[in-house]
1. When you count, for each residue, the other Cβ atoms within 10 Å and take the mean per peptide, how do 291-300, 366-375 rank with the highest first?
2. Residues of the stretch 140-161 with backbone nitrogen within less than 11 Å of a virtual label 7 Å along the Cα-to-Cβ line of Val293, please, listed as ranges.
3. Bin width 5 Å, alpha-carbon pairs only: give the P(r) of the stretch 116-273 as whole percents, running from 0 to the bin holding the largest distance.
4. Please identify, among Asn77, Asn124, Asn268, the residue showing maximal mean-square fluctuation in a Gaussian network model of the chain using a 10 angstrom Cα cutoff.
5. R0 = 51 Å: FRET efficiency of Ser202 with Glu66, Cβ-based, nearest 0.05?
6. With all protein chains present, how much of the accessible area of the stretch 1-117 (probe radius 1.4 Å) comes from carbon and sulfur, to the nearest whole percent?
7. Would you list the P(r) distribution for the stretch 159-233, with all Cα-Cα distances sorted into 5 Å bins from 0 and each bin expressed as a whole %?
8. Any idea what Rg and Dmax come out to for the stretch 111-192 if you just take the C-alpha atoms, in Å?
Amino acid sequence: MRRISDIGAAVIGSGFIGTVHVEALRRLGVRVRGLLEVSPELGVQRAADLGLPRAYGSMEEMLADERVEVVHVTSPNALHVPHVKAIVAAGKHVVCEKPLATTSAESAELVRLAREAGVVNAVNFNIRFYPLNQHAAAMVGAGELGEVRLVTGHYFQDWLLLDTDWNWRLDPAEGGMLRAVGDIGSHWLDLVSFVGGRRIESVMADLATFVKVRYQPTGPVQTFSTERAADAIPREMATDDAATILLRFEGGARGALAVSQVSPGRKNSLQWEIDGSAAAAAWDSESPDALWVGRRERPSELLLRNPALMNAAGVAAASLPGGHVEGFADTFKALYRAVYADVAASGPAARPIYPTFADGHDEMLVNDAIATSAREGRWVAVDRGA
Ligand SMILES: NC(=O)c1ccc[n+]([C@@H]2O[C@H](COP(=O)([O-])OP(=O)(O)OC[C@H]3O[C@@H](n4cnc5c(N)ncnc54)[C@H](O)[C@@H]3O)[C@@H](O)[C@H]2O)c1
């Protein structure tokens, strides 16, 4: 088996999350050979900022670099499909940000292309890789909660509260037709399917666009920026600021999710609770080193992340001893440690332990059901074919 430090990677996009990818790869010892940006000029500047050896002038130039074996796609959503197609056609392994595509027809094609090419393929549902989410998934899998009955929670942010807040995500041509649901709801829906160990079978969704007109600055805007631009043009909004969604899971469990990017004071608050017939568990992304385990016949517990107290799945995702808080950026390192073990073995394991394109596509099918349900005002089954 090769060492991770012998593997070379490149990153497409170097915005908010591309930077986090580069940092996590470096912590693992992966050789980040360079980056590709929207323009060669920006690429040169960002490569210098990040201390990377090379800014590629084009996709062709990057893919021709034989030392690049894995490419991370962190460009805006609508570019994921053309970028991934080019990478897979070049026979390189790929890690793509969520959502995998902007339509499920395209995500299905990416699943097929990656399988045919035999490359390692991962979708960046990093939240699965908080150690206590790994621990909780293994607890549920071992039956420690009993029969899973109720799955509830929310994902709230406030950075798109005002009509002057702008980002490419607000343009359906760049972000896709589902916005709060596609951008952050996708994480929650993937996460509870993973932790709860069952897929979503059907949905009843209500989408809301509260801010009907937004002001788009004429210049560029950074993700999560709350600065107001002097020159802006009004744009009518059709995508969801918020959503409330009822869920039915395979096996009979019920669920409810609230998603919003207009919740004042909530910066990045993802919470879930799973109530089983024997015990419950709950987790909050803003206190990620704590897992609440609810009991009826004895006191409930608060498990603080600690390799000495977690199950094997939790231990595998942890980097630090108990009491040394791990957070958002650490999940990328834990996720890539799993992905690059397969890269070192030259191909995907029979059952990868990280989220694959198939998982990214499945979440797109759930999104389709959510969009149809909201449009038609009825329960809609997730269409996974025959
Ligand atoms: N997993 C997570 O927690 C998480 C968090 C944030 C964003 N994301 C996802 O990551 C992606 C990027 O989001 P972001 O918040 O970093 O956005 P961003 O706007 O901060 O960064 C996007 C980057 O892509 C670059 N880019 C644009 N067009 C390009 C092109 N044609 N070729 C190469 N680079 C190009 C931009 O210049 C910019 O540097 C989105 O798909 C988003 O959904 C995931």
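The values are calculated or read from the model by the stated rules, or taken from the named source; none is laboratory data. Note that the coordinates shown come from a computational prediction; the quantities given were computed from them, not determined experimentally. No Cβ is skipped: glycine too gets one built from the backbone with ideal geometry, and neighbour counts run over all protein chains shown. Please note that ligands, DNA and RNA were not included when accessible areas were found on the heavy atoms of the full protein model with its side chains. Shrake-Rupley method; radii C 1.70, N 1.55, O 1.52, S 1.80 Å.
1. Details: 291-300: 12.2, 366-375: 21.5.
So the peptides 291-300, 366-375, ranked by packing, come out 366-375, 291-300.
2. Answer for the stretch 140-161: 140, 144-145.
3. Histogramming the stretch 116-273 at 5 Å steps yields 2, 8, 16, 19, 17, 13, 10, 8, 5, 2, 1, 0 percent.
4. For the chain, modelled as a Gaussian network with Cα springs under 10 Å, the answer is Asn268.
5. Efficiency for this residue pair is about 0.60.
6. Details: 2590 of 4950 Å².
Answer for the stretch 1-117: carbon and sulfur cover 52 percent of the accessible area.
7. Percent of pairs per bin, in order: 3, 13, 20, 22, 14, 11, 8, 5, 3, 1.
8. Rg then Dmax for the stretch 111-192, in Å: 17.1, 48.
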